[in-house]
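J.: Pasting a structure here, questions to come.
Any read-out appearing in this document is the output of simple, stated calculations on the displayed coordinates, not a laboratory observation. A quick note: this is a predicted structure, and the numbers were derived from the prediction, not measured. Positions of Cβ are generated from backbone atoms using ideal geometry, with glycine treated the same way; all protein chains shown enter the neighbour counts.
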Amino acid sequence: MTVLRLVALALGHARRRMILSLAATLVAAVAAGGVVYLIGDSTQRSNELLTTLNSPSVRSITIRANTDTTAADLLPARAVTNIAGLEGVDRAVGLSRVQSATTARLRDTQVSVGYFVTATLKGEPPYRLTGGRAPRTGEAITSSSAATRLRLSVPTSAETRVDDELVPIVGTFDAPGLGAITDLFDASLLSPAPSNASGFFVVVLIVHAPADVISVIDATERLLGEFGSNRYSVEYDARAAEVETLVATSGRSGVRSTAIAIMVIGALVEAAVAFVNAVLQRREIARRRALGFTRSMVFGALVIESAVLTGIGATLGAFAATVTLSTGAGAIDLAQPLAAAGFVSLIGVFAALPGGALAAFQDPARILRVP
Amino acid sequence: MSALVAIDDVGFRYGRAPLVLRGVSAAFAEGQVHAITGPSGCGKSTLLYLIGLMLRPETGSIEVAGQATVRSGDRERALLRAAHIGFVFQDALLEPSMTVLENIAEGLPLSRSMRRHRTEADSMLERVGVSELRNRKASRLSGGQAQRVALVRAMLKGPAVLLVDEPTGNLDDTSAAVVLGALFEYGRQPGHTCIVVTHDERIAASADTVTRLALVSV
């Protein structure tokens, strides 16, 4: 009964001093909403960044021989095998020299489609079958794009001519996640490499994490040292080398200090509001003390009032921020706004302590103007 | 008749100011109405606040409802006030933005619900002639009406000691008669006592005892 009546008194007082109550609620709403929005927005941006950084295109390294005139120009098979075995390498694919497999004249337009021999050196094959079956040595599969361009009917009767030999086309494929050479694959035919491949024109590595890119490149350059550094080039996404900088500049540290600043300013304003509240109701409190309220009851009523107002404001602010964030990319973790609302309410309680103490320890007799 | 309030050799001063009260002793028996009178500045209201445990005497002792109070803590004094003492202030001291019933409810200890005292409150409002105003905001009451509501607020919890400061100071004769009638009726019940600070000699003449205070000579 006592607590219920204290709550009723607090709410009644909040209703009577509407402007102060609105100020306390608004401050809590802005604080909670601001913090939820800042953190949520930062989390979304960080998640987007992480998704980008973890994409195969950022995690891929393409090592390319600069010339392919003779077999000696190719990347040595032994070194490539060692590179594929490096720690941090998830997938490795070797490609032969690019050969013009087929040309066709279609309505006065010469169509040319690349042909590769590929070897899966580590992990998944470089293609994903979308029709037909996996090729064996001496057979080929075609990307959907190449099949369309060459008007091939796959896999029933299609074949291509490579070095004057007919190669049957037994399936179609797509090649997602191969970084720089994805586009090249998208318009090509390919065959599995024979086991006696002596070297590769291109090697594509997909590393486990963007942070592995630089260490794998360093190791690759050591392993290809005897081949000659001017005889090959390495391509990679520059963002991989800047992972730490990108994460640092994604705003997390800035958000943390801004959120703390909002909380501190919010707490100070809430404390000021509670203080003003206590001063404005000095006479009311003195009357209650004369009627038998203890100091703890006076203190409790003021703190409850602040807790209720900041709780309502924080919940509304967190809800509004969540709704705003939900229109952006990425899912919102509901624990975050709930935690922010709870935390801001708690701050509201602490902020009310000085005002509550002022109210509880004032001298009621003096305020009631004892002569 | 036993004394509900007993004060013995009480002295008091505000801060470092000269003494307002010196060596005041009195006993206020139950079932009686007691008047405290004296010239302005002699400490009548101060004595009332001392008995109401809102101030602590510099010297002497005060006993309320059989309990010594001088050494008791703030919480103990507040609870004693809530249980045994009712205050009627000179200017009624109602909360203007609250209704009559809300103001009356504020006089009850927090552990008691207005719902259980509603019939009693209605009957008391009826007794002092303001029952039709129960839902009116206090800001819209006249001085006489506000004083009657303040009286009901003080009496509803049934305090043993009813302390009243200048009850008729700003009232017309009709309101004054109603308020005094209710006060005297309440104070003369067994187990109750009513202590009235007043300048009005007619009230003092009607009271069962009169304590006359004099200015403390410096």
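J.: Please check: in the Gaussian network model of chain A (C-alpha springs, under 10 Å), which one of A:327, A:142, A:160 has the largest mean-square fluctuation.
T.: Of A:327, A:142, A:160, the most mobile in the Gaussian network model is A:327.
J.: Hey, fewest Cβ within 10 Å first, where do B:123, B:72 land in order?
T.: On the way: B:123 11, B:72 16.
Lowest count first: B:123, B:72.
J.: What ranking do B:109-118, A:232-241 get when scored by the average of other Cβ atoms within 10 Å per residue, highest first?
T.: Numbers: B:109-118: 14.5, A:232-241: 17.0.
Descending mean neighbour count gives A:232-241, B:109-118.
J.: Same structure, new question: If you average the alpha carbon positions of the stretch A:112-183 and of the stretch A:332-371, how far apart do those two centres end up, in angstrom?
T.: If you average the Cα positions of each part, the centres end up 72 Å apart.
J.: Specify the residue with the greatest mean-square fluctuation among A:276, A:255, A:113, computed from a Gaussian network of chain A linking alpha-carbon atoms under 10 Å apart.
T.: In this elastic network of chain A, the residue with the biggest mean-square fluctuation among A:276, A:255, A:113 is A:276.
J.: Take peptide B:98-110, look around each residue's Cβ out to 10 angstrom, count Cβ atoms belonging to other protein chains, and average those counts.
T.: On the way: counts 4, 0, 0, 0, 3, 1, 0, 4, 8, 5, 3, 7, 15.
Neighbouring Cβ atoms belonging to other protein chains average 4 per residue here.
J.: Taking N as the number of residues in the stretch B:1-91, what is its alpha-carbon radius of gyration divided by 2.2 N^0.38 Å?
T.: Numbers: Rg = 12.8 Å, N = 91, 2.2 N^0.38 = 12.2 Å.
Normalised Cα radius of gyration, the stretch B:1-91: 1.05.
J.: To make sure I understand, if each residue's beta carbon is the centre and we count other beta carbons within 10 Å, what order do B:46, A:137 fall in, fewest to most?
T.: So the ranking, lowest neighbour count to highest, is A:137, B:46.
J.: Amide H of residue A:193: which non-local residues (sequence gap of 5 or more, or other chain) have their own amide H closer than 5 Å, using H built in the peptide plane?
T.: Answer set, sorted by chain and number: A:118, A:119, A:120.
J.: Rounding to the nearest 10 and keeping the result within 0 to 90°, find how far the Cα-based axis of helix B:143-155 lies from the longest principal axis of chain B.
T.: Tilt relative to chain B: about 70 degrees.
J.: Can you tell me the 0 to 90 degree angle between the C-alpha axis of helix B:118-127 and the longest principal axis of chain B, rounded to 10?
T.: 80 degrees
J.: Right, next: Fewest first, what order do A:361, A:343, A:201 take by the number of other Cβ atoms within 10 Å? Walk me through the numbers before you get to the answer.
T.: Details: A:361 11, A:343 16, A:201 20.
Fewest-to-most ranking of A:361, A:343, A:201: A:361, A:343, A:201.
J.: Can you give the Rg to Rh ratio of the stretch A:1-145, both from alpha-carbon atoms, with Rh computed by the Kirkwood formula?
T.: Values: Rg = 32.3 Å, Rh = 22.6 Å.
Ratio value, two decimals: 1.43.
J.: Only Cα pairs within less than 10 Å get springs; with that Gaussian network setup on chain B, which residue of B:127, B:75, B:140 has the largest fluctuation?
T.: Residue with maximal mean-square fluctuation among B:127, B:75, B:140: B:75.
J.: Ignore the peptide's own chain and count Cβ atoms of other chains within 10 Å of each Cβ in B:74-83; give me the average, rounded.
T.: 4
J.: Could I ask something else about it? Rounded if a/c is under 1.5, else prolate if a/b is larger than b/c, else oblate: which is the stretch B:79-213, with a ≥ b ≥ c the root eigenvalues of its Cα gyration tensor? The partial results should precede the final answer.
T.: Details: a/c = 1.79, a/b = 1.26, b/c = 1.42.
Oblate.
J.: While we're on this one: Find how many whole Å separate the alpha carbon centroid of the stretch B:55-130 from the alpha carbon centroid of the stretch A:1-59.
T.: About 41 Å separates the Cα centre of the stretch A:1-59 from the one of the stretch B:55-130.
J.: What does the helix-only formula give at 222 nm for the protein assembly as shown: each DSSP H stretch with n ≥ 4 adding -39500 (n - 2.57), the total divided by the residues, and the result rounded to the nearest 500 deg cm²/dmol? Write out the running numbers ahead of the final one.
T.: On the way: 21 runs with 269 residues, N = 589.
For the protein assembly as shown, the value works out to -14500 deg cm²/dmol.
J.: Oh, and also: Relative to the longest principal axis of the C-alpha atoms of chain A, give the angle of the C-alpha long axis of helix A:335-361, reported between 0 and 90° and rounded to the nearest 10°.
T.: 20 degrees
J.: For peptide A:11-18, how many partner chain Cβ atoms fall within 10 Å of a residue's Cβ, on average? Mind showing how you got there, number by number?
T.: Values: counts 0, 6, 3, 0, 1, 4, 1, 0.
So the per-residue partner count for this stretch is 2.
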